[in-house]
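Contents: one structure, followed by commentary.
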Amino acid sequence: MMRKDFKEIDFVVVAELEPQYQCSVSYTIYEIFGTQTDGILLFQKAECNGMEPIEDLAQAQVFAHGSVKWDGCSNWEIDAQKDCMLHGCGRADLERIGTVLTRCWDMTAELCPKWHK
């Protein structure tokens, strides 16, 4: 399992190589909600209607999840839009969503021994 903090685009990615055939990598993406003064990242608590920041990823709301296969094909589900529309306050928000997905795609080359792109 690998974790990468992409603070500059406000996302944290957790990646895990599929163990049996090692031909795909699964990703879970969390949106950074804020940062404490000591640098600890905060996330929105899952199953919470209000704003409740937490430190523990195990309790955090998932922004998106998906996988990338050895041949470059990928599948994604945007969990953040299950309860409401996906919101962006400007073009930069749309770009950072695309950026985190492409960074996951790029991480697959590092993690997947059968990568063939």
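The values are calculated or read from the model by the stated rules, or taken from the named source; none is laboratory data. All figures in this text were calculated on a predicted structure; none of them were measured in a lab. Neighbour counts are summed over all protein chains in view; Cβ atoms, including those assigned to glycine, are modelled from backbone coordinates with ideal geometry.
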Looking only at residues that are over 14 Å from residue 69 (Cβ atoms) and of a type in the set (A, V, I, L, M, F, W, C) in region 98-117, which one is surrounded by the fewest Cβ atoms within 10 Å (Cβ to Cβ)?
101
Residues satisfying the stated conditions in region 26-47, i.e. farther than 13 Å from residue 11 by Cβ, surrounded by 15 or more Cβ atoms within 10 Å (Cβ to Cβ) and among the charged types (D, E, K, R)
45
Report yes if some residue within region 1-9 is more than 20 Å from residue 114 (Cβ to Cβ), at pLDDT below 95 and either of a type outside the set (Lys, Arg) or surrounded by 13 or more Cβ atoms within 10 Å (Cβ to Cβ) (or both); otherwise report no.
no
Residue match in region 95-115 (condition: modelled with pLDDT under 95, among the charged types (D, E, K, R) and closer than 24 Å to residue 20 by Cα)
yes
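Can you list the strands (runs of 3 or more DSSP E) lying wholly within region 19-117 that have 3 or more residues being under 19 Å from residue 1 (Cβ atoms) and either in contact with a helix residue (DSSP H, G or I) (Cβ under 7 Å, 6 or more places away or on another chain) or in contact (Cβ under 8 Å) with a residue 60 or more places away in the chain (or both)?
Working: elements: 24-35, 41-44, 64-69, 74-77.
Qualifying strands (runs of 3 or more DSSP E): 24-35, 64-69.
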